[in-house]
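*Asks:* Take this structure first; my questions come after.
The values are calculated or read from the model by the stated rules, or taken from the named source; none is laboratory data. Since the structure is predicted, the reported quantities are computational estimates derived from the model, not experimental observations. Using ideal geometry, Cβ is built from the backbone for each residue, glycine included, and neighbour counts are taken over all protein chains shown.
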Amino acid sequence: MNNGVIKFLQEPKIMSTYSCVGSEEKKGPLGRLFNYYSEDNKFGKNTWEKSESEMQRIALFGAMQNAGIKDTGLDILLAGDLLNQCVGSSFGLSDYDIPYVGLYGACSTCALGLALGSCLISGGIAERVGTVTSSHFCSSERQFRFPLEYGGQRPPTAQWTVTGAGAFILGNKGRVSIPEAVFGKIKDMGIKDVNNMGAAMAPSCVETIKTYFRETDHSPEDFDMIITGDLGYEGSEILKELLLSEGIDIRKNHTDCGLLIYDIEAQDKHAGGSGCGCSASVISAHILKKLEACELRDVLFIGTGALMNSLTVCQGNSIPAISHLVRLKTEV
């Protein structure tokens, strides 16, 4: 590690991936790219929480099939979600006979899983690692906001929790490698508005991006894309403005998973998408396919997460945030 930036001597590869989403995500601009979707968002289950668990099971099974491996082909499984105690992951993946580590990074969990899995592989601890994450609009609304029946109105800064999951198999074969990663630091700027997660998370993203460019020879122009997940519209604008004040200009090649997954105006998603499943499904179905097709060659992915829960919000606490970075590079 070089002052926060991990450079992998043995670069892990993404062997395969698989995504599944709900009906709203299927209607969005990336709809045709997802591997699997549920028309009623229930995935054959009778509760929203079980539906989220089923998404994880489907995503991991699909990724293993795409990699041509079975349960015994994975050394360890990293997984997380937004539900209390990560029950979406533990219930969804309990049938797999694989050593399991639960992760919580909120919306940064996809990047966290990729970074941790890369450490395990590059360090020689594991040969193949599975990493999975998910979110479900209905289960998240019930836990963090109001039951759907309440019909509460959202302010323009609010984001829509994505119903989706993404799974990745990391190993030593594949066209896309992970040469570098940065684990973020917790930043708490005193923001308490749960309907403006972008503003709460943007400062932590600034810190992680500053760390990367300060400790490497790279500049924003070296990358085809700098993609965050998920700041939405509000947080993305704050991010670009704060970085510009630090002399870092990402305006030409920045985008956000929460801005890509929906047609914000046509689908009335306010500030865009959010949730663990947002960046997981967008990176899986969209960004990795572009990398594999060499339409993109070098991408920085920064997963951003709000580290609060429903109790801390009710107690009036501010919202601490974290942002983890992984570099995704095509093997030419």
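*Asks:* Among the residues of segment 114-132, write down those that are farther than 18 Å from Ala67 by Cα and surrounded by 24 or more Cβ atoms within 10 Å (Cβ to Cβ).
*Replies:* Across segment 114-132, the qualifying residue is only Ala115.
*Asks:* Let me ask something else. Working only within segment 235-249, note down all residues that are surrounded by fewer than 22 Cβ atoms within 10 Å (Cβ to Cβ) and either touching a helix residue (DSSP H, G or I) at 6+ places or on another chain (Cβ under 8 Å) or not aliphatic (A, V, I, L, M) (or both).
*Replies:* Passing the criteria: Glu237, Ile238, Lys240, Glu241, Leu242, Ser245, Glu246, Gly247, Ile248, Asp249.
*Asks:* Do we have Glu54 as modelled with pLDDT of 95 or more and of a type in the set (D, E, K, R) here?
*Replies:* Yes, satisfied.
*Asks:* Return the only residue of Gly198, Gly258, Gly247 being in the same structural domain as Val282 (by TED's automatic domain parsing), at positive phi and either free of Cβ contacts under 8 Å to residues at least 12 places away in the same chain or out of contact with any Phe, Trp or Tyr (no Cβ under 6 Å at 6 or more places or on another chain) (or both).
*Replies:* From the options Gly198, Gly258, Gly247, the qualifying one is Gly247.
*Asks:* Can you tell which of Ile302, Ile287 is within 20 Å of Val132 (Cβ to Cβ), in a helix (DSSP H, G or I) and of a type in the set (A, V, I, L, M, F, W, C)?
*Replies:* Just one listed residue meets the conditions, Ile287.
*Asks:* Here is a follow-up. Tell me whether segment 77-96 contains one or more residues that are over 23 Å from Gly305 (Cα atoms) and either buried (at least 24 other Cβ atoms within 10 Å of the Cβ) or at pLDDT 95 or above (or both).
*Replies:* No, every residue in segment 77-96 fails to be over 23 Å from Gly305 (Cα atoms) and either buried (at least 24 other Cβ atoms within 10 Å of the Cβ) or at pLDDT 95 or above (or both).
*Asks:* Moving on to the next point. Failed condition for Tyr104, given (1) surrounded by 22 or more Cβ atoms within 10 Å (Cβ to Cβ); (2) closer than 16 Å to Ser279 by Cβ, with all others met?
*Replies:* Tyr104 satisfies every listed condition except (1).
*Asks:* If you don't mind, there's one more thing I want to ask. For segment 219-241, indicate whether the set of residues that are at positive phi and within 17 Å of the chain's Cα centre (by Cα) is non-empty.
*Replies:* yes
*Asks:* How about segment 125-243: which strands (runs of 3 or more DSSP E) wholly inside it have at least 1 residues that are modelled with pLDDT under 95 and more than 30 Å from Leu93 (Cα to Cα)?
*Replies:* The strands (runs of 3 or more DSSP E) meeting that bar number zero.
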